[in-house]
Amino acid sequence: MLFQLRNYTHLPFALTKTNFASRMHTAAVSVKAEMTSSDHNAKSESSKSSSVSEVRVFARKRRLIKPEVITENVVKVELQDQKLSNLPDIEEFAYKKPSGNVYSRKSKLTSNAPIEIETEVKPPPNWVKVLEGIREMRSLEDAPVDSMGCEKAGSSLPPKERRFAVLVSSLLSSQTKDNVTHGAIQRLLENDLLKAETVEGADESTLKDLIYPVGFYTRKATNMKKIAKLCLLKYDGDIPDTLEALLSLPGIGPKMAHLVMNVAWNNVQGICVDTHVHRICNRLGWVSRPGSKAPTKTPEETRESLQAWLPKEEWVPINPLLVGFGQTICTPLRPSCGLCSINELCPSAYQEATPKKMSRTKLKLTKTEESDS
């Protein structure tokens, strides 16, 4: 039996894997058949040898199959690794420019993105007629701004000193009426305190006394000293000639900076919008908030909305024109709509002209005064 098994195991190596497996299987079957015909002792011995030989046979068969499966798995893993290796790293998305076929689809989408085109803002209807009507009503030039505005400050001084006087006048005009600002400028002029050198050397208490009663006179006196020092250090006693530099000065806002650029340097970069221009433009419906028809809330929003459609040649005269109109006719409280020649073109006409209801105490006082008279 062992001799026969050895003869089966020493088969020629030229056979293929399939023939070898089938012959080995037939050998195992014949061995089992011979084992059944022998005696009990021979059966036990032959069963041991057959079991060992059977294990060896099937073990060899499995060894032939396993390497094939393993190689297939290795090939699949290698192919997956190659596919994964082609993917871009996270750093490429964050820092590097698009390269290769990975970004080809994305680049096509971005290249066809719509380009934003600025659309022109349509001016309000009848704005030319409204502006002409306001000019006719302002032809007398009897408003305080016509004789006491910031642009009138230091008109008799040399150019360098006049520019500084206009800057100081603009600083003092915030939250202050024109006649009060004009009086403070005249007192500073009489004490030779409209120059950067003299203001920087003066006491802050002296400046407070001279500019009183302008609004926030204590803070404005402090800012006057700071502005004078900056003008001496950076501009040789003159004032800044750019809008950005003027806005960097303490106490100077957009309205004042645009006014100084217009008057001192004859450089028009924007409309000077104060409380009068802000109020009247909203009453006329000339301005609105971006993307809506709601009125603007700040003078800066009014300036941006007004500049979007108003011709640039009107940017300078619009300020004194509307300021004087707001001081005489279109006043903050109870505007004189009956005296206004453009009330038919104004969407806010007579809406704020009626006085508020008087309180009971005032009614009693007026009745007693009438009875006494």
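The values are calculated or read from the model by the stated rules, or taken from the named source; none is laboratory data. Computed from a predicted model, the values in this text were never measured in an experiment. Using ideal geometry, Cβ is built from the backbone for each residue, glycine included, and neighbour counts are taken over all protein chains shown. These accessible areas exclude ligands, DNA and RNA; they are computed on the full protein's heavy atoms, side chains included. Shrake-Rupley method; radii C 1.70, N 1.55, O 1.52, S 1.80 Å.
Is there a residue being of a type outside the set (Ser, Thr, Tyr), under 30 Å from ARG334 (Cβ atoms) and in contact with a Leu (Cβ under 8 Å, 6 or more places away or on another chain) anywhere in region 212-227? Yes - at least one qualifying residue is present in region 212-227. Out of LYS226, LYS255, LYS220, LYS234, one residue alone is under 26 Å from ARG187 (Cβ atoms) and open to solvent by 60 Å² or more (accessible area, probe 1.4 Å). It is LYS226. GLY215 passes every criterion in (1) within 23 Å of TRP265 (Cα to Cα); (2) assigned to a loop (DSSP other than H, G, I, E, B); (3) touching a residue at least 40 places away in the same chain (Cβ under 8 Å) apart from (1). All told, ILE227 falls short of being assigned to a loop (DSSP other than H, G, I, E, B), modelled with pLDDT of 95 or more and within 35 Å of the chain's Cα centre (by Cα). Just one of the listed residues (SER174, SER169) is assigned by the TED database to the domain that holds PRO250, touching a His at 6+ places or on another chain (Cβ under 9 Å) and either among the β-branched types (Val, Ile, Thr) or within 26 Å of ASN267 (Cα to Cα) (or both), namely SER169.
One residue stands out among those in region 187-224 that are farther than 13 Å from LEU249 by Cβ and of a type in the set (S, T, N, Q): the one that is farthest from the chain's Cα centre (by Cα), which is ASN191.
The listed residues are LEU210, LEU188, and the only one of them that is touching a residue at least 12 places away in the same chain (Cβ under 8 Å) and closer than 19 Å to ALA264 by Cβ turns out to be LEU188. Across region 269-277, not a single residue is classified as more than 23 Å from ALA143 (Cβ to Cβ), in contact (Cβ under 8 Å) with a residue 60 or more places away in the chain and out of contact with any strand residue (DSSP E or B) (no Cβ under 9 Å at 6 or more places or on another chain).
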